[in-house]
Amino acid sequence: MESPVIIHVRKFLDNPGNPAKCYIKKGQIVVNDEAFQFYPEYAKQFILEHEKGHYYQQTFDEVAADEYALRQLALKAPNSLFNAVQSVRMIARSDPRRENELRNKALVIAAENGSLKAREILGLSANAVGEPSPKSNPIQMVIVILVVIAIALLILNWK
Ligand SMILES: [Zn+2]
């Protein structure tokens, strides 16, 4: 697949706050300089990789494009995982699901690369889902059996 062409325009008239868009069939990424210029350097990189994610995966899916950008940028610069999450927070303020999805994927990458903190966070959420069933208390079991025997004896004596 050929690399996409990156074109800069001064302003998007239809969507002035959107920093960039991708024409996935044409392989064109159009950057809206007026909005793009205000993002920090790491977010600019993330935005461009996100648009490439739309093109290379031929998808309009925002979460898939975010994940592509994360994979391209992860662990290649200091704070790359944190910065990727921050970038999504900035560009997808109206869709917090995207930030949550990306944070989880960033945590998995951190855990795979030896972050004990990330493992701890993932471990806790794994336990919350797959919690073992509570063990039955043996004393409770004995009491239940005794009560059943007592009731059985009462019923037998009745007749
Ligand atoms: Zn997008």
Do the alpha carbons of any pairs in Lys21/Lys52; Lys44/Lys76; Lys25/Lys76 sit beyond 20 Å of each other, and which pairs?
Lys25/Lys76
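Taking 0.36 nm per residue of sequence separation and subtracting the Cα-Cα distance, how much length would be gained by fully extending the chain between Ile121 and Phe82, in nm to one decimal?
Values: separation 39, 0.36 × 39 = 14.04 nm, distance 1.49 nm.
Stretched fully, the Ile121-Phe82 segment lengthens by 12.5 nm.
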Can you list which of the DSSP-assigned H helices in the chain have a Cα extent of 18 Å or more along the long axis and an average Kyte-Doolittle score of at least 0.5?
116-129, 138-158
Arranged from highest to lowest average of other beta-carbon atoms within 10 Å per residue, in what order do the peptides 34-45, 6-17, 109-120 appear?
34-45, 109-120, 6-17
If each DSSP helix of 4+ residues adds -39,500 (n - 2.57) and the sum is divided by the residues in the chain, what number results at 222 nm, nearest 500 deg cm²/dmol?
-19500 deg cm²/dmol
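Any read-out appearing in this document is the output of simple, stated calculations on the displayed coordinates, not a laboratory observation. None of the values given here were measured: they were computed from a predicted structure. Cβ coordinates were reconstructed from backbone atoms using ideal geometry, including for glycine residues, and neighbour counts include every protein chain displayed.
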